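The values are calculated or read from the model by the stated rules, or taken from the named source; none is laboratory data. Please read all numbers here as calculations on a predicted model, not as lab measurements. Cβ placement follows ideal geometry from the backbone for every residue including glycine, while neighbour counts extend to all protein chains displayed. Each accessible area value is taken on the protein alone, full model and side chains, heavy atoms only, with ligands, DNA and RNA left out. Shrake-Rupley method; radii C 1.70, N 1.55, O 1.52, S 1.80 Å.
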Amino acid sequence: AYEILRCLVGLGDVYKRQVCPICGNVIHTLGDTVISCCGVSLPALEAEAPDEHHEIQIEPVEDEHFITVHHPMTKSHYISFLAYVTSEKFQMIKLYPEGNAECRFRLRGRGYLYCYCNRHGLMMKQIR
């Protein structure tokens with residue numbers, strides 16, 4: 001199943017993301033699906049461009065890139081995950097309240113960098 005996801009994840013409309021508002025589970029699917037968690041039906045998230053409160057910083061470090069979102073990481077308001085998606089690869093780091101909103105990814109080729117704020121939703125930055 002991972003190999004199928006790895007090959008198909010870059011097909012734009014096929015890749016969908018859902019987050020449970022109750023437990024915070026992050027769910028990634030391919031195609032149109034009906035997903036529920038904690039008794040709640042989860043719609044696919046629509047990504048928006050980051051605003052000034054969710055700006056994604058990218059800094060080259062060795063053979064990777066250090067990704068930072070300068071954002072509160074309190075128990076009630078935090079970045080839940082960072083993900084990098086290309087036509088060949090899917091990388092995701094789950095983040096937790098009271099930690100830092102940062103990680104390292106190997107950014108290769110063109111792709112999309114996602115961050116999810118538990119209050120303001122999904123943000124996406126195109127990487128070229």
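Looking at the structure I just gave you, is Lys89 under 17 Å from Cys23 (Cα atoms) and in contact (Cβ under 8 Å) with a residue 12 or more places away in the chain?
When the stated conditions are applied, Lys89 does not pass them.
Is it the case that the range 56-76 has a residue that's in contact with a Pro (Cβ under 9 Å, 6 or more places away or on another chain), under 22 Å from Gln18 (Cβ atoms) and not in a loop (DSSP other than H, G, I, E, B)? Yes, the range 56-76 contains a residue that is in contact with a Pro (Cβ under 9 Å, 6 or more places away or on another chain), under 22 Å from Gln18 (Cβ atoms) and not in a loop (DSSP other than H, G, I, E, B).
Quick grid of which residues meet (1) of a type in the set (Asp, Glu); (2) within 21 Å of Lys16 (Cα to Cα); (3) touching a residue at least 40 places away in the same chain (Cβ under 8 Å); (4) part of a strand (DSSP E or B):
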residue: Ser41; (1), (2), (3), (4): no, yes, no, yes
residue: Glu98; (1), (2), (3), (4): yes, no, no, no
residue: Cys115; (1), (2), (3), (4): no, yes, yes, yes
residue: Lys125; (1), (2), (3), (4): no, yes, yes, yes
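Quick check on Leu107: is it open to solvent by less than 40 Å² (accessible area, probe 1.4 Å), under 19 Å from Gln126 (Cβ atoms) and not in a strand (DSSP E or B)? Here the answer is yes, as Leu107 does meet what is asked.
Screening Arg104 on (1) among the charged types (D, E, K, R); (2) within 21 Å of Val19 (Cβ to Cβ); (3) at pLDDT 95 or above shows it passes everything except condition (2).
So is Ile56 among the β-branched types (Val, Ile, Thr) and under 19 Å from Val26 (Cα atoms) or not? Full working, then the answer.
Working: among the β-branched types (Val, Ile, Thr): yes; under 19 Å from Val26 (Cα atoms): no.
No, not satisfied.
The test for being farther than 21 Å from Asn118 by Cβ and either out of contact with any Asp or Glu (no Cβ under 6 Å at 6 or more places or on another chain) or loosely packed, with under 13 Cβ neighbours inside 10 Å (or both) does not hold for Glu55.
Residue-wise test of (1) open to solvent by 60 Å² or more (accessible area, probe 1.4 Å); (2) at pLDDT below 90; (3) more than 13 Å from the chain's Cα centre (by Cα).
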position: Cys38; (1), (2), (3): yes, no, yes
position: Ser41; (1), (2), (3): yes, no, yes
position: Ala44; (1), (2), (3): no, yes, no
position: Pro50; (1), (2), (3): no, no, no
position: His65; (1), (2), (3): no, no, yes
position: His71; (1), (2), (3): no, no, yes
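For the range 83-93, state whether one or more residues are open to solvent by 70 Å² or more (accessible area, probe 1.4 Å), at pLDDT 95 or above and assigned to a loop (DSSP other than H, G, I, E, B).
No, the conditions are met nowhere in the range 83-93.
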